[in-house]
Amino acid sequence: MHPPPRITEEEIISQCKKGSLKHQELLYKQFYGYAMGISLRYSLNRDDALEAVNDAFIKVFNAIGGYNIDKPFKAWLRTILVNTAIDRRRKDLKFQLNVELENAAPIRSNMGPVDNLNVQDILKLMVELPAIQRTIFNMYEIDGYDHDEIATTLGIPVSSSRVYLSRAKERL
């Protein structure tokens, strides 16, 4: 007896565009681990991360008709995940912003020790960062956003994004 043929990502997405619940479930299962990994970096705990993942997949399934198959699906999904997780935390983050940061200059320091840490070390240390610093560190260093994009997404001045990143690196 032969194993069932593996369904490709393109086939799953194609069927999701047609509204197939079975294929939506397959897509969810296939990318759940990836999604949780991203969501956990932006959430305070596993429950919040799971809620963000589920909210993001609802957005994915509602918007998949507009997904361009020529673009990498993971990149599209990551953008939705990051934005969803940040939207869920936006209110909390705004309460943590300090007004004086609008005019603050970035802190300059020798970042040598950070350069010597591996990914697992940094992820363990990141749990101890204040939420705003962790979010900005994730967006800039891990997900590749620039300070203008971070500022727009979080509704903060660009200078604040730079300061929070510098402070996060200093604490790490």
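The values are calculated or read from the model by the stated rules, or taken from the named source; none is laboratory data. In this text, all values refer to a predicted model and were calculated from it rather than measured experimentally. Neighbour counts run over all protein chains shown; Cβ positions are idealised from the backbone, glycine included. We work out accessible area using only protein heavy atoms, side chains counted, and drop any ligands, DNA or RNA first. Shrake-Rupley method; radii C 1.70, N 1.55, O 1.52, S 1.80 Å.
A few notes on this one:
- Test: residue in segment 85-97 that is modelled with pLDDT of 85 or more, of a type in the set (Lys, Arg), over 30 Å from Ser14 (Cβ atoms) and within 15 Å of the chain's Cα centre (by Cα): no
- Across segment 41-63, the qualifying residues are those that are buried (at least 20 other Cβ atoms within 10 Å of the Cβ) and hydrophobic (A, V, I, L, M, F, W, C), and the one among them that is farthest from Val127 (Cα to Cα) is Val60.
- Test for Tyr140: is it in contact (Cβ under 8 Å) with a residue 12 or more places away in the chain, surrounded by 21 or more Cβ atoms within 10 Å (Cβ to Cβ), closer than 22 Å to Ser39 by Cβ and hydroxyl-bearing (Ser, Thr, Tyr): no
- Test: Ile107 is out of contact with any helix residue (DSSP H, G or I) (no Cβ under 6 Å at 6 or more places or on another chain), open to solvent by less than 70 Å² (accessible area, probe 1.4 Å) and either modelled with pLDDT under 85 or assigned to a helix (DSSP H, G or I) (or both): no
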